[in-house]
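Student: The structure under discussion is supplied below as structure tokens; questions concerning it will follow.
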Amino acid sequence: MNLTKEQIIEKVSRTLVEAGSTFREDKKNAYRAAIERESNPQAKWVLETILENATAAESHCSPLCDDSGIPHMVLEIGENVGVTGAMLDAIREGIAQGLRRLPGRPMGIMGNDAQRIDQSGGLNPDSAGVEPAPLLIRRTADNVCRLHIMMFGGGPAIRAKTYRVFHKHNTDVVLDEIIAWSKEAAAQLGCTPCTLAVGVGRSHFEASSLMMQALVDGSYTQQNEMEQRITNAVNESNIGALGLHGNTTVLATFMKVGPQRASGVRIVCVRPCCCFEPRIATVEL
């Protein structure tokens, strides 16, 4: 598919709006299933209201949440697909136009390095001032160029954790640590139910990258044994929707384990995605 610069910009712009304003169908079904099994009336009302909010946001192409998110992207490249600098520039411009179209909440900080850290540079009034995170690229068996856009909110970032775990040659030790982190994060997050995103790698960068890929590849309809174990254990905590107690603290766990090395530690990244995340949409370019 040979698209012009203008076509790429338009496709990326519309995909960002979709990511920021819609639930995928498997997530809608996960909420419907959670509503059916919820025994706490207050928590059930919260779950119903979140789904109603998502339906309204989709119909109006408006943000799912006031924290409209920071764009994070995964670009999949097929064997015979070329990516140029001009194409990357078009993707970046499409992100900027999508942020204005959504619109994204203006929350980019201006100024030099020190001013951006202490926020003394002032707030950029342009929604596109929220620059995207660095692009992650991976190979795909399909002969396509496929872009996944995710909108990451601040609450999950605050409660996320990337750290080492001494595995002691026992997978259970690592899973128990992930469960403990997740329970603590869910209790503090507030915007539950969560979708837990987990990456296990050899470095902090790799673990975080695997966490992002887990969100891209994850499905609410299919959980492997380790994912289901984490989900069930955190749900037993009785934190519930918005911390009101109940059956559903976690809708699902998306976990990706990368290559490992002979070492006593595993680097683990856990992101407790809030009730509106993952906000994700995909387009072929």
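The values are calculated or read from the model by the stated rules, or taken from the named source; none is laboratory data. A quick note: this is a predicted structure, and the numbers were derived from the prediction, not measured. Using ideal geometry, Cβ is built from the backbone for each residue, glycine included, and neighbour counts are taken over all protein chains shown. Side chains are part of the model used for accessible areas, which takes the heavy atoms of the whole protein and leaves out ligands, DNA and RNA. Shrake-Rupley method; radii C 1.70, N 1.55, O 1.52, S 1.80 Å.
Student: Which residues in the stretch 127-158 have a backbone N closer than 20 Å to a point placed 7 Å from the Cα of residue 115 along the Cα-to-Cβ line?
Tutor: 127-132
Student: To the nearest whole percent, what portion of all C-alpha pairs in the chain is separated by more than 34 angstrom? Walk me through the numbers before you get to the answer.
Tutor: Numbers: 8630 of 40470 pairs.
So the portion of pairs separated by more than 34 Å is 21 percent.
Student: Take residue 126 and residue 55, extend 7 Å from each Cα along the Cα→Cβ direction, and tell me the distance between the two endpoints in nm.
Tutor: 3.9
Student: Relative contact order for the stretch 165-285: what is it in percent, counting Cα pairs under 8 Å that are at least 6 residues apart?
Tutor: Averaging sequence separation for qualifying contacts and normalising by length gives 41 percent for the stretch 165-285.
Student: Let me ask something else. Using alpha carbons only, how many angstrom separate the centre of the stretch 230-250 from the centre of the stretch 1-75?
Tutor: One Cα centre to the other: 22 Å.
Student: Do you know the relative contact order of the chain, to the nearest whole percent, from alpha carbon pairs under 8 angstrom that are 6+ apart?
Tutor: On the way: 605 pairs, mean separation 75.6, N = 285.
The value is 27 percent.
Student: Would you please state which residues of the stretch 1-35 a label at residue 284 would reach in this model, taking the label point 7 Å out along Cα→Cβ and a backbone N cut-off of under 17 Å?
Tutor: Backbone N within reach: 1-4, 8, 11-12, 15.
Student: Find the accessible area per residue for the stretch 1-74; the probe is 1.4 Å, ligands and nucleic acids are left out, and the unit is Å².
Tutor: On the way: 3780 Å² over 74 residues.
Accessible area per residue, the stretch 1-74: 51 Å².
Student: Right, here's the next one. Report the full-extension gain for the segment residue 166 to residue 39: residue separation times 0.36 nm, less the Cα-Cα distance, to one decimal in nm. Show your work: numbers first, answer last.
Tutor: Details: separation 127, 0.36 × 127 = 45.72 nm, distance 3.79 nm.
Separation in residues times 0.36 nm, less the Cα-Cα distance, equals 41.9 nm.
Student: Please give the calculated 222 nm ellipticity per residue for the chain, where each DSSP H segment of at least 4 residues contributes -39500 (n - 2.57) and the sum is spread over every residue; nearest 500 deg cm²/dmol? Spell out each step's value before the answer.
Tutor: Values: 9 runs with 123 residues, N = 285.
Counting only the DSSP helices, I get -14000 deg cm²/dmol.
Student: Please give the FRET efficiency for residue 143 paired with residue 204, using the beta carbon to beta carbon distance and R0 = 35 Å, rounded to the nearest 0.05. Before the final figure, lay out each step's value.
Tutor: Details: r = 33 Å, r/R0 = 0.94.
For residue 143 and residue 204, the calculated efficiency is 0.60.
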